[in-house]
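See below for the structure under consideration.
The values are calculated or read from the model by the stated rules, or taken from the named source; none is laboratory data. All values reported here derive from a predicted model rather than from experimental measurement. Glycine also receives a Cβ, built like all others from the backbone with ideal geometry; neighbour counts cover every protein chain displayed. Protein only, heavy atoms only, side chains kept; ligands, DNA and RNA dropped before computing areas. Shrake-Rupley method; radii C 1.70, N 1.55, O 1.52, S 1.80 Å.
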Amino acid sequence: MVEKLILILGDQLTEDISSLRELDPGKDVIIMAEVLGEASYVAHHPKKIILIFSAMRSFSDKLRSLGYRVEYSFFDDPQNTQSLSGELIRRAEQFKCSKITVTQPNEWRVIEDLSNVPLTVEFKEDNRFISQISEFNDWAEGRKQLRMEYFYRDMRRKTGLLMDGEKPVGGKWNYDQENRKPAPDSVLHTGPKTRFWSLSRCNDDGPTIFVSCDHFTLSQYWSTKTARRLQKSRKGLSRRQSSTELCRGLYQANYWLERIHSRNLFPPRSKLHSKQLFGS
């Protein structure tokens, strides 16, 4: 019998996340989901989407290797409801479990969405930050003006970061005035160093993809077109049509990233077809 479902979001991919700290591998199930709602609520670059989905799939594999049970909703799964709340309800019905645990999301939009799910949702404080929302609320209570600078100073006092006793290191809390000045001519900067790193599978049957941090401006023609298509998902496209557009964007991104890695940067556009993705 499943005791609770633990939702892991795309920006919570760490074993130390608070929602996993009390996990019982014999009773609890981890839920992860690739959904259109999170990929299209604003216009995202397709490469960003492919990076997040790839990282999510890698993390789910790692959790399984540690002995945890993970139920993963792939983007093109016909049963995918394409929303976080919808997937939680679907999994709750599947496992006959109404208790959900999740580390507090970092967007009010997602917090409100999960709060309205007709299930028992427990939000855990996000342990990746040096302050919590409740701490900020306590600090803000009764203040006529909320200025981040003053909260920032209190956090430095709390942690001792960049502090020399009770005073800031260097004698000033910030150097914003100096930072607004242009760099001296003697300062040279040639840009970031080229680095390559590998990501796990983008598709179950697809190859490993590679991303170079100095090639983000290549092949803009498909990324712009796909972003425009995705924006139309809020203007009358059906869920299937919207899903098709995003899948096409993911396929094209994967294709381009492979070409970038092999340095064959300009493949014919005729190969960028949804037929190769859907078979029709």
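Remarks
- Remark: region 1-120 carries a charge dipole of roughly 160 debye about the Cα centre, counting +1 on each Lys and Arg Cβ and -1 on each Asp and Glu Cβ.
- Heavy-atom accessible area per residue - region 1-142, 1.4 Å, Å²: 48 Å²
- Accessible surface ranking that places the most exposed of Asp77, Asp126, Asp164 first, with a 1.4 angstrom probe: Asp164, Asp77, Asp126
- Close amide H contacts of Gln82 (hydrogens built in the peptide plane, cut-off under 5 Å, sequence separation of 5 or more or a different chain): Leu36.
- Listed peptides 46-57, 106-117 by packing density, highest first (mean Cβ within 10 Å): 46-57, 106-117
- Of the residues Ile8, Ile130, the one with the largest accessible area comes first in the ranking Ile130, Ile8, computed with a 1.4 Å probe on protein heavy atoms.
- Pairwise FRET efficiency - Glu107 versus Glu141, Cβ, R0 = 25 Å, nearest 0.05: 0.65
- By accessible area, using a 1.4 Å probe on protein heavy atoms only, region 86-196 has 52% of its surface on carbon and sulfur.
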